[in-house]
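The values are calculated or read from the model by the stated rules, or taken from the named source; none is laboratory data. Everything numeric here is computed off the predicted structure, so don't read it as measured data. Every residue, glycine as well, gets a Cβ built from its backbone with ideal geometry; the counts of neighbours run over all protein chains shown. With ligands, DNA and RNA removed, areas are computed over all heavy atoms of the protein, side chains included. Shrake-Rupley method; radii C 1.70, N 1.55, O 1.52, S 1.80 Å.
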Amino acid sequence: MIRRRGALFVVSAPSGAGKTTLCRETRQRLPDLAYSVSYTTRPPRPGEKDGSDFCFVSAQEFQALRARGEFAEWAQVHGNLYGTRASVLQAALDGGQDILLDIDTQGAAQLRRRYPEAVLVFIVAPSMSELEQRLRERRSDAEKEIMRRLDRAREEIATWRSYDYLVVNRDVDDAVNQLTAIILAERARTSRLGLTLPDLELPSKEAHD
Ligand code: 5GP
């Protein structure tokens, strides 16, 4: 029998790199992968559902949760507060369920410290000019906002070496294949597994260390 602890898959990317689409498509391919719904003080965008895209809370509610130590990580991004509920992560890990998090680089660094075995994946657009073009195609942002996002993208890209994997999003299908492959390979890591066969005595991982 194989027992496996749940794993945390943390995905970060500068805005415009296509992370939301990649995460959504990867979750469709791997329906047993749970998703960590973040808390945010940002107002909902059209079509976003409270409780499944984000838990939308007021600044006061966010501060109260933070003061009670309910967040495994939190950060201010583009002027809004975002946080991951610690109890949700712990329940997934304890229940042997893998969980995907779409969070920024500050949050990823905090989670790395708290859960050293977390798998960190960074997604980039093929070039800065491509990223700029994608941000402009959205047309939802004013020029000043686009420049602000590009500056922040440069800062975020500078942290890529602290991630375990890098996915270059040239083509959505290729990038989804890559992200799915990373998750499947990490699931098979022996360090995450406990194997017991009734007719075979196997040393535990601890016996090797
Ligand atoms: P958006 O509001 O555009 O969906 O997300 C803005 C940024 O906040 C993205 O980089 C996203 O990954 C990040 N983000 C979303 N949820 C969280 C969270 O719970 N914690 C942190 N640190 N960042 C988050």
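A few notes on this one:
- Helix axis angle, 105-114 relative to the chain longest principal axis, alpha carbon, degrees: 20
- Accessible area of the range 65-106 belonging to carbon and sulfur atoms, whole % at 1.4 Å probe: 45
- GNM top mover of Pro14, Pro116, Pro198 - the chain, alpha-carbon springs below 10 Å: Pro198
- Only Lys, Arg (+1) and Asp, Glu (-1) charged, at Cβ; the chain dipole about Cα centre in debye: 340
- Of the Cα atoms belonging to the chain, the radius of gyration and Dmax stand at 18.5, 67 Å.
- Environment charge of Val77, counting only residues whose C-beta is closer than 12 Å and scoring Lys/Arg +1, Asp/Glu -1: -1
- Acute angle (nearest 10 degrees) that the helix 143-157 long axis makes with the longest principal axis of the chain, alpha-carbon atoms: 30
- Dipole magnitude for the range 45-121: computed about the Cα centre from +1 point charges on Lys and Arg Cβ and -1 point charges on Asp and Glu Cβ, it is near 240 debye.
- Centroid-to-centroid separation of the range 75-110 and the range 143-160 [C-alpha atoms, Å]: 21
- Dipole axis of the range 2-192 (+1 Lys, Arg; -1 Asp, Glu on Cβ), positive-most option in Tyr39, Leu184, Val88: Val88
- Accessible area, probe 1.4 Å, largest first, for residues Glu73, Glu117, Glu130: Glu117, Glu130, Glu73
- Per residue, the accessible area of the chain comes to 56 Å², computed with a 1.4 Å probe over protein heavy atoms only.
- Calculated FRET value between Asn80 and Val172, using beta carbons and R₀ = 25 Å, to 0.05: 0.40
- Hz values of 3J(HN,Hα) by residue in the range 75-83 - Karplus curve (6.51, -1.76, 1.60), Gly and Pro given as x: 7, 9, 10, 6, x, 10, 9, 9, x
- Think of it as helices only: each DSSP H run of n ≥ 4 in the chain is worth -39500 (n - 2.57), and spread over all residues that comes to -12000 deg cm²/dmol at 222 nm.
- Sulfur and carbon atoms: percent of accessible area, the range 108-209 [1.4 Å]: 51
- Formal net charge of residues neighbouring Thr26 (Cβ-Cβ distance under 14 Å; K, R +1; D, E -1): -2
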